[in-house]
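Take a look at the structure set out below.
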Amino acid sequence: MYKLSESRRDFLKKITTLGVMGTTAYLRSSASMAAPSGTLATRLQGKVVSRDDTAYETWRQAMVWQKAKANRYPDLIVQARSEADIIEAVNYAREHTLKIAIRSSGHNAAGTSLRNGGMLLDISHLRDFKIDAEKKLAHVQPALWCEQLVYEAGKYGLSFPAAHCPSVALGGYVLGGSVGWNHAAWGGAATHSIRAMDVITADGEKVRASATENPDLYWAGRGAGPGFFGVVTKLELELYPAPKNIISSMYIHPLNGLATVTETLENLLKLKDERVEILLLFMHNPQAPKDLPEEEAKICFVGVNAFAESEQQAKQMLRPFAESELSSKSVFKVEYQPSNFSKLYHPENVDSGYGRYGVDTEWTNDLSASLHAVADHFKKTPSIRTHIVAAPAMNTQLHDDACFSRIGDHFIGTYLLWDDEKDDDSNYAWLDETNRILAPFSEGHYVNETAGDRFPQRYQDCYSPKNWQGLEQVRKKYDPQKVFHSFLGND
């Protein structure tokens with residue numbers, strides 16, 4: 001397994017203390033923040049920041065991880081330090097008719113926790129954990145980062161299908177469904193690994209939700225994501241035996257050679273072990289000469305990771321890729337490289353990912369047709385930082401005890417990344433055209449990564465009609481006064 005570097009641990013400590021990820025400046029010291037008027041601030045260990053506070057805008061912008069901050073303004077920002085703080089905040093919001101939106105890490109690109117009016121309840125300080133190695137369970141608070149869970153569980157020879165991005169908080173991640181490292185061998189969508197959760201409901205009561213306790217709330221929590229109507233304060237997650245060896249191969253093809261990639265993958269997908277994870281990227285070649293025409297600088301990158309018991313087993317799992325045209329026709333390749341989760345989380349020479357984001361996703365059953373349909377359009381990206389990610393052969397099944405209800409054989413995510421606000425319109429226009437091209441192949445969307453900030457209807461398209469209606473029924477039972485915000489744009 002791996003361990004965090006000293007500098008990485010220092011960064012984690014500093015950034016989580018503030019409850020901020022990716023902001024351009026740290027929050028001002030607490031001494032400089034005038035407490036808002038009213039009684040709530042006196043009832044909490046944490047912070048309360050109102051619209052008339054001089055630090056309000058600094059706090060508001062810090063609530064969203066990415067560089068583009070939506071023009072939405074909550075009346076209060078409450079940063080809770082404990083479960084008791086959360087209960088006080090929920091009761092205060094209900095008594096004062098303030099709708100609540102919840103933030104674990106602010107990593108959702110649509111900024112779903114940032115709403116107009118009401119209360120933004122920041123729970124980013126809730127990051128305690130306990131590993132029960134004997135029962136293969138992790139008891140975690142919602143703001144614990146995915147990378148840290150992988151690291152801590154790894155001490156006991158265990159792991160979890162955590163997000164591919166290290167700084168994603170577990171709360172928003174698992175509540176929204178989610179597929180992560182080695183997910184096909186570890187229970188599929190990460191939400192299915194939730195065994196129980198503690199929830200503060202709209203009436204300020206703490207309840208436990210599991211398969212046998214409040215099973216309807218458990219069903220809703222496993223997939224509702226940013227539309228969940230309660231505050232999850234603890235998650236009980238199933239852990240899995242960690243791989244003793246991770247071996248990786250990578251292949252690069254010109255985008256114009258996509259046919260070789262898709263035809264080869266179609267055959268390999270029928271043969272691959274479920275412990276082999278493939279990530280295919282359309283991306284700009286960072287080493288392309290500056291005078292090279294844009295359409296010639298685009299490449300298709302294929303990364304293959306084998307999560308195995310031994311080095312020999314891992315290499316055997318990767319051998320079909322090395323013996324295919326994916327290898328023989330590549331313009332560059334690296335095969336059978338020893339890896340670990342630290343390397344997977346922090347690959348060398350990769351864009352750090354901070355900037356302005358536009359994100360949307362599709363589940364599809366026709367990977368080849370989808371990729372070929374969008375390939376020419378990808379050559380015209382307004383930003384060279386933009387990329388499309390495809391995860392073939394998801395091997396994920398839907399469960400009746402989870403509201404997560406949209407899935408396809410393959411996942412496609414479009415991640416626009418640019419630097420300047422003046423380029424917003426051109427990037428969003430490009431994303432809209434991408435969605436139009438992919439629409440005929442779509443089986444639905446992934447709730448944690450969809451453009452619901454611009455198209456609220458897309459949230460409904462993340463669920464089957466039956467489960468969308470079921471969510472509303474459970475919401476009425478547990479939140480009849482609508483204390484909690486629904487999905488962005490769907491209140």
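Quick look at the numbers
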read-out: Filter result (under 28 Å from the mean Cα position of the chain (by Cα) and surrounded by fewer than 14 Cβ atoms within 10 Å (Cβ to Cβ)) within segment 287-333; value: E309
read-out: Residue satisfying all of: in segment 196-216; of a type in the set (A, V, I, L, M, F, W, C) and touching a helix residue (DSSP H, G or I) at 6+ places or on another chain (Cβ under 6 Å); surrounded by the fewest Cβ atoms within 10 Å (Cβ to Cβ) among these; value: I200
read-out: One residue from P166, P226 being surrounded by 22 or more Cβ atoms within 10 Å (Cβ to Cβ), within 19 Å of the chain's Cα centre (by Cα) and either outside the structural domain of R103 (by TED's automatic domain parsing) or aromatic (F, W, Y) (or both); value: P226
read-out: Selection within segment 56-85 - in contact with a strand residue (DSSP E or B) (Cβ under 6 Å, 6 or more places away or on another chain), farther than 26 Å from V140 by Cα and modelled with pLDDT under 95; value: K67, A68
read-out: Selection within segment 286-308 - touching a residue at least 12 places away in the same chain (Cβ under 8 Å) and assigned to a loop (DSSP other than H, G, I, E, B); value: P286, A297
read-out: Residue tally, condition over 22 Å from the mean Cα position of the chain (by Cα) and either over 15 Å from L371 (Cα atoms) or basic (K, R) (or both), over segment 436-451; value: 1
read-out: Scope segment 154-163; condition over 10 Å from the mean Cα position of the chain (by Cα) and in a loop (DSSP other than H, G, I, E, B); matching residues; value: K155, Y156, G157, F160, P161
read-out: Residue match in segment 363-371 (condition: within 22 Å of the chain's Cα centre (by Cα), of a type in the set (S, T, N, Q) and under 16 Å from Y428 (Cβ atoms)); value: no
read-out: Qualifying positions in segment 129-171 - modelled with pLDDT of 95 or more, in contact with a Ser or Thr (Cβ under 7 Å, 6 or more places away or on another chain) and over 22 Å from R275 (Cα atoms); value: Q141, P142, A143, W145, V168, A169, G171
read-out: Criterion (within 29 Å of D432 (Cα to Cα), in a loop (DSSP other than H, G, I, E, B) and in the same structural domain as E274 (by TED's automatic domain parsing)) met by exactly one of S405, S368; value: S405
read-out: Complete set of residues in segment 376-400 that are touching a strand residue (DSSP E or B) at 6+ places or on another chain (Cβ under 7 Å) and part of a helix (DSSP H, G or I); value: F378
read-out: Considering residues of segment 160-195 that are polar (S, T, N, Q) and touching a helix residue (DSSP H, G or I) at 6+ places or on another chain (Cβ under 9 Å) only, the residue nearest to I87 (Cα to Cα); value: T191
read-out: Elements of type helices (runs of 4 or more DSSP H) contained in segment 412-491, each with 1 or more residues being among the hydrophobic types (A, V, I, L, M, F, W, C), under 15 Å from G223 (Cα atoms) and outside the structural domain of A402 (by TED's automatic domain parsing); value: 465-478
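Yes/no matrix, rows are residues, columns are (1) of a type in the set (F, W, Y); (2) in contact with a helix residue (DSSP H, G or I) (Cβ under 8 Å, 6 or more places away or on another chain):
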position	(1), (2)
G355	no, no
W363	yes, no
T381	no, yes
A391	no, no
D400	no, no
G408	no, no
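The values are calculated or read from the model by the stated rules, or taken from the named source; none is laboratory data. None of the values given here were measured: they were computed from a predicted structure. Please note: Cβ atoms are built from the backbone with ideal geometry, for glycine as well, and neighbour counts cover all protein chains shown.
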